[in-house]
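Beneath this line is the structure, given in structure tokens, with notes to follow.
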Amino acid sequence: MSDFDVSEQPGQSVRFQRAAIIFSLTGAGLFLGSAVLQFVASLQRWVVFRSSLGPDGIMAEDHLYDYFFPYESMDPVGTIDAWEPVGTAAQLFGTGLLIQVLGILAMAIGVVALPGAAPRHSAIRVITAVCEVMLATVVAAAFGIYGAHALISGLAGAPSPLQPWVAIGWLGFAGLGALGALWLSRSREAALACVFLIGSSLAGYLIAAYLIAPVVAGYTSHDTTPWTETVVAASTAAAAVAMLLVARRAARKGVRPV
């Protein structure tokens, strides 16, 4: 028997199944759209901008051109380390992250609605679902701040007032880790999606910059390793694939009306 009592609530079980499929597919589509925008943004830096610099292309690797989180600092002697926008890369990336925010919320609803996913007791089921959606909302808020910061900074040509919120990126990382752990027993595909989404968090960016991108680029830069943002985009695309598998699982495991 399914965790949802099929004999007593067949219609409700079918509705849960349909919701799981629809929201999982929606999440997959949003993640894919986000990945495309992130990829196009990375091309602006590592293809268009880099080729415009002539033989000294390594300048594109300077942290001043990082658009993942536009940042401006001042050294002890008062010299400002100003951020430099690269085309519309920051706007594209920021928009992509904001789309990803919607994808995270859709993902959470899809996983919560998975047939047979929740404990049988209705009170526990409701409490569990509420806690998971709230945790997903916290994660979405963290990505939302990063996305809004990149978008506003790109439009203004300078880091936005959201710059001091850089530390909230670790909250998104921790939240995704917690969601992945909670969902592992009911949907390994959803847990895998959380792992891939870590790639577009602050922790994931650092992992991409210092562990994965050097393999892609063939060397380690003194500053930002080439194609770091492309690796981040690929991780978001991988999350989209994982959510397609969640929808497939929901379609296969869902209950039928009696």
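The values are calculated or read from the model by the stated rules, or taken from the named source; none is laboratory data. Remember, it's a predicted structure, so these values are computed and weren't measured experimentally. Ideal geometry is used to build each Cβ from the backbone, glycine not excepted, and the neighbour counts take in all protein chains shown. When the accessible area is computed, the model is the full protein with side chains, heavy atoms only, and any ligands, DNA or RNA have been set aside. Shrake-Rupley method; radii C 1.70, N 1.55, O 1.52, S 1.80 Å.
Couple of notes before you dig in:
- If the chain linking THR88 and THR220 were pulled fully straight, counting 0.36 nm for each residue of separation and taking away their Cα-Cα distance, it would gain 44.9 nm.
- Net charge contributed by nearby residues that have their C-beta within less than 10 Å of ASP66 (K/R +1, D/E -1): -4
- Ratio Rg/Rh, restricted to the stretch 180-258 and using Cα atoms, in which Rh is the Kirkwood radius: 1.18
- At a probe radius of 1.4 angstrom, the accessible area of the chain per residue rounds to 46 square angstrom.
- Each of SER13, ALA242, ALA60 was placed along the dipole of the chain (beta-carbon charges, centred on the mean Cα), and the one lying farthest toward the positive end is SER13.
- Dimensions of the stretch 100-235 along the principal axes, based on C-alpha atoms and rounded to the nearest Å, stand at 55, 35, 19, largest first.
- Scanning the chain for DSSP H helices at least 20 Å long along the axis (C-alpha atoms) with a Kyte-Doolittle mean no lower than -1.0 picks out 10-43, 89-112, 122-156, 169-183, 228-253.
- Percentage, to the nearest whole number, of Cα pairs in the chain over 22 Å apart: 56
- Environment charge at ALA233 (Cβ cut-off 15 Å; Lys +1, Arg +1, Asp -1, Glu -1): -1
- Taking 7 Å steps out from each Cα toward its Cβ at ARG188 and MET59 produces label points 5.0 nm apart.
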